[in-house]
1. Please give the direction-averaged projected area of the C-alpha convex hull for the range 629-690, in square nanometres with one decimal.
2. Expressed in nm to one decimal, what extension gain is obtained for the pair residue 190 and residue 489 from 0.36 nm per residue of sequence separation less their Cα-Cα distance?
3. Where does each of 220-228, 85-93 land if you order them by average Cβ count within 10 Å, highest first?
4. What ranking do 682-693, 498-509 get when scored by the average of other Cβ atoms within 10 Å per residue, highest first?
5. Tell me, what is the FRET efficiency for residue 701 and residue 524 to the nearest 0.05, using R0 = 51 angstrom and their Cβ-Cβ distance as r?
6. May I ask you to derive the FRET efficiency for residue 541 and residue 183 from their Cβ-Cβ distance with R0 = 60 Å, giving the value to the nearest 0.05?
7. What is the list of residues in the range 200-218 whose amide nitrogen lies under 16 Å from a point 7 angstrom out from the Cα of residue 249, following Cα to Cβ?
8. Neighbouring Cβ atoms within 10 Å as the yardstick, rank 496, 384 fewest first.
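Coordinate-derived values only; no laboratory data. Everything numeric in this text was worked out from a predicted model, so none of it was measured. As a convention, Cβ positions derive from the backbone with ideal geometry for all residues, glycine included, and neighbour counts pool all protein chains shown.
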Ligand SMILES: Nc1ncnc2c1ncn2[C@@H]1O[C@H](COP(=O)(O)OP(=O)(O)OP(=O)(O)O)[C@@H](O)[C@H]1O
């Protein structure tokens, strides 16, 4: 018996060493593996009676369910390389219970993953039912296999019944069959009421629910990764009894591969494989192994084998240190004959569907099947319903965004204060002034203009009266210095200065020619007749608004002045007539310009948010893996998400459009149908982009970064907030290929110009949206397939 110290060393040494070895006869691939693995010879079969070695069974053996030949597998590359399977050979007979034993990290889960097609070997081969996992012959992944992974891999927000229904539908069982099996399994596995949510079950109950999901469809191959963890000894024994029953039952002939840390429970298996450092130390029936090593229990056999393996490694290392030629290979695994005989299959006729046929009807290569789509859709809608709060939040967000946009963007800035210094009037304030004609009879002012008195004829105050005070509020100052200081301190948006004699100078400027005394129009007169305005132009919109409003006020003031003296008011107007616009109004708002882009970008990015995390969460919880093994395809998973989220997206689109067009009265001149369709197609496009993010990212953080990272470039480059015509030419080409640029133009055409689909600018937006959607859907399906 190994001492405790030695035992500790063995446990501690598991996977702590690098295994270096060479073997001349190896293939190139295998030689690469040697850098990290000890190379295993072809298995040597020993019986207690020392029979001559037998050859390993061939892959095509009809009695073999699974076989590994010279299997190599590693994770990572370069210095991060973790060798896991090191030239492993294994044969699992049909209808046998195969107990896979080994310390933590020796590669058991990896081996199971290779069986169910989740992982691929680097070299060597694995065959399941005579074919490679994933091939038509093997039927795995698919209904032929039942898989219980180590992690829970169930939907926490589902009830037990819903979980069974999901897997039942995936496996194409009838409703009656699902009910019957669920009742049996709940009873047998001592599970609580079927309406209990998985997330509210205890750890042990969750494990049993997971086992029930794997057993549900009575598969031919059961892959169970530590099914008895957290299960009391009594139930553990029940589970083993059931496994023995289904493996022995002539009509089922279930092959079961089971990993366990309770080595002794594996005594009940037909065959056990003892693994260490990614290779088999021994394989055979438990009874024969005990007999061979004259040990009372399997744990001692395993420790004995570990000790032998350890000594082998120490010798190897010592030889290497002393530069002695190492043996070319490590000891081959001990393979004892097992008493196991593959049972004859008998097809029961009592209403039971022959399982083999059911497996074959599972057309593994069909990438879209109604029953799996139904299962996935039901699952997605149930999950959505269980998160109803989040669903409502998803409806509220776009509505709030639209409302905020319409309320906050596009209106004229108001209450802009302007410091006014009016030296035209002695009191620097505005007294009463006339709104009539200021011309006197002698081609001069009405009466004498007295610079020292407030005069009713002053024009500075008359001009100021034309300023819309709701937008620009004049604040009078007594000196230019004070006004400038206040503006510099940011208290006002600028300074407006009327110089002394402004009225007189403006009179000369306006009426000089008319009164035939042009000699008075000196440079000084021109300067004095100007209103000097210095603005804080750091805010373009505010600056432009003040400039525009002051110019407008001047035009109105000058027109009224001329008019009051019976001159044609047009003399004061800019001689450009802006007629009725071809499209839009003569007073366009920024809201109208931005609205099409805002509708599309809100829809697009809300849709990105709907799908960007969809695969990530499922992948993280092991749910996707379990579905893959059940035969669900990447296309089905993707389409089921698109369809389920489409419903949410349609409600979002409806809310966005209703608020934009009917509540906030954004002009919509074109046919509503094209507005609705384009918005929905852009939403689908956003969903497909979300799926790409979801397929490419491993965790939520990466997905959020990618989605947020794409938001601004898209917004800035798609002509949503600024016309494309303002961009450098090169950048414009980049923006044309984005999914929202032409769509935004199309939407603007429909909303503002009233165009229909017959316009090239409109259907081009649709075509680009379709092209992007198809491209991203294909990309996400491919990525999902590659990364699974
Ligand atoms: N995705 C991965 N990337 C890198 N290394 C991995 C990955 N998955 C597993 N490994 C490593 O591969 C080795 C074998 O892991 P595996 O899960 O197959 O062991 P195991 O025998 O099932 O262990 P346990 O009994 O604890 O579940 C471990 O060292 C593990 O750290």
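1. 4.9
2. Working: separation 299, 0.36 × 299 = 107.64 nm, distance 7.74 nm.
Length gained between residue 190 and residue 489: 99.9 nm.
3. Numbers: 220-228: 23.8, 85-93: 25.4.
By packing density, highest mean first, the sequence is 85-93, 220-228.
4. On the way: 682-693: 27.8, 498-509: 21.6.
Taking the mean over residues of other Cβ atoms within 10 Å, the ranking is 682-693, 498-509.
5. 0.15
6. Numbers: r = 70 Å, r/R0 = 1.16.
Plugging the Cβ-Cβ distance into 1/(1 + (r/R0)^6) gives 0.30.
7. Within reach of a label on residue 249, which here means backbone N under 16 Å from a point 7 Å along Cα→Cβ, the range 200-218 contributes 212-218.
8. Working: 496 27, 384 18.
Result, fewest neighbours first: 384, 496.
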